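Peer 1: Here it is: the structure, laid out below.
The values are calculated or read from the model by the stated rules, or taken from the named source; none is laboratory data. Given the structure is predicted, the values throughout are model-derived calculations rather than measurements. So basically every Cβ, Gly included, is an ideal-geometry build from the backbone, and we count neighbours across all protein chains shown. We work out accessible area using only protein heavy atoms, side chains counted, and drop any ligands, DNA or RNA first. Shrake-Rupley method; radii C 1.70, N 1.55, O 1.52, S 1.80 Å.
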Amino acid sequence: MFYGTGAVTATLFFLVIFCFKDKPPTPPSPAQAALLTAEPEDYISGIKRLLMNKGYVLLLLSYGMNVGVFYAISTLLNSFIKKYFPDSGTDIGQIGLTIVVAGMFGSVISGFVLDTTKKFKETTAVIYFLSFVGMIVYTFTLPNTGSIVLIYIVFAALGFFMTGYLPVGFEFAAEITYPESEGTSSGLLNASAQFFGIIMTPITRVILESKGDIGANLVLAGILLVGFIMTMLIKSDLRRTQAQRIPKVSPSIEGITVGGFSVETIT
């Protein structure tokens, strides 16, 4: 298995090196075209500006909470399931696979909805709330059902919404932080997710051992509720969309101001 994984990753590495271009021949959108003429900023300055953006800070925390809860559930899956289904060793692995597959569909569908509606905050909030609802359902379904099939369904729903939240969070961050580097904003989101995951997993294990699965899951659900409230407090300042809607009137370069930053746009 390890040799196979190494072979696949090595193949992907060489494909990226030799087959992928650094950037497209033309900018994919007016917003990206505007960045071509913007003055480059150093990495530290970009991070400072991001951390001064209240909406982004709220998203940074709420994103980390959501993904941290998902990491805690996934890591402790065996401990949660074994208590009520002691002979479900094979099922636990298959439930993990179910979470991944459902998450794939969730990511694609949420991305499609986001691209179609352009409702970044609304989509983020709805998916976050459904993740919270799914967590509540899971909390009280696990100890009160003898059906492993129902557990599959509940975890599929959790995977669908919690994994589907990932691309939506990245896109929402890119919108409210434009014209900052998307690599920087998404990198901080990933760091937040890892940070919360590292904290939540051992804490959840301690609560699980002392208060039981219902207590542990209610704590995780409470964290999701706090994250949802934070999401609702984020101002829907769609800077990137604003830049993309600038009318094309002549083949010239015009200065615009987006989110307090002066950039140039090619029209």
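Peer 1: On the given criteria, is Leu35 part of a helix (DSSP H, G or I) and either of a type outside the set (A, V, I, L, M, F, W, C) or at pLDDT 90 or above (or both)? Give the derivation first.
Peer 2: Values: part of a helix (DSSP H, G or I): yes; either of a type outside the set (A, V, I, L, M, F, W, C) or at pLDDT 90 or above (or both): no.
No.
Peer 1: While we're looking at this one, here's another question. Can you work out which of the residues in the stretch 120-133 that are touching a helix residue (DSSP H, G or I) at 6+ places or on another chain (Cβ under 7 Å) and of a type in the set (Val, Ile, Thr) is surrounded by the fewest Cβ atoms within 10 Å (Cβ to Cβ)?
Peer 2: Filtering first and then ranking leaves Thr123.
Peer 1: Can you confirm whether Gly146 is more than 21 Å from Ser62 (Cα to Cα), open to solvent by 60 Å² or more (accessible area, probe 1.4 Å) and of a type in the set (Gly, Ala, Ser)?
Peer 2: On the way: more than 21 Å from Ser62 (Cα to Cα): yes; open to solvent by 60 Å² or more (accessible area, probe 1.4 Å): yes; of a type in the set (Gly, Ala, Ser): yes.
So Gly146 fits the description; yes.
Peer 1: So which residues in the stretch 94-124 are aromatic (Phe, Trp, Tyr) and more than 23 Å from Leu77 (Cβ to Cβ), if there are any at all?
Peer 2: Restricting attention to the stretch 94-124, the residues satisfying the condition of being aromatic (Phe, Trp, Tyr) are 105, 112, 120.
Across the stretch 94-124, the qualifying residues are Phe112, Phe120.
Peer 1: Checking Ala173 against (1) within 18 Å of Gly103 (Cβ to Cβ); (2) modelled with pLDDT under 95; (3) crowded, with 22+ Cβ neighbours inside 10 Å, only one condition comes out false. Which one?
Peer 2: Checking Ala173 against (1) within 18 Å of Gly103 (Cβ to Cβ); (2) modelled with pLDDT under 95; (3) crowded, with 22+ Cβ neighbours inside 10 Å, the one that fails is (1).
Peer 1: Is it fair to say Ile136 is open to solvent by 10 Å² or more (accessible area, probe 1.4 Å) and within 17 Å of Met230 (Cα to Cα)? Steps first, answer last, please.
Peer 2: Working: open to solvent by 10 Å² or more (accessible area, probe 1.4 Å): yes; within 17 Å of Met230 (Cα to Cα): no.
Judged against the criteria, Ile136 is not a match.
Peer 1: When you go through Thr117, Thr90 one by one, which is the residue that is exposed (fewer than 14 other Cβ atoms within 10 Å of the Cβ) and within 26 Å of Gly55 (Cβ to Cβ)? Let's see the steps before the verdict.
Peer 2: Numbers: Thr90 fails: within 26 Å of Gly55 (Cβ to Cβ).
Exactly one of Thr117, Thr90 is exposed (fewer than 14 other Cβ atoms within 10 Å of the Cβ) and within 26 Å of Gly55 (Cβ to Cβ), namely Thr117.
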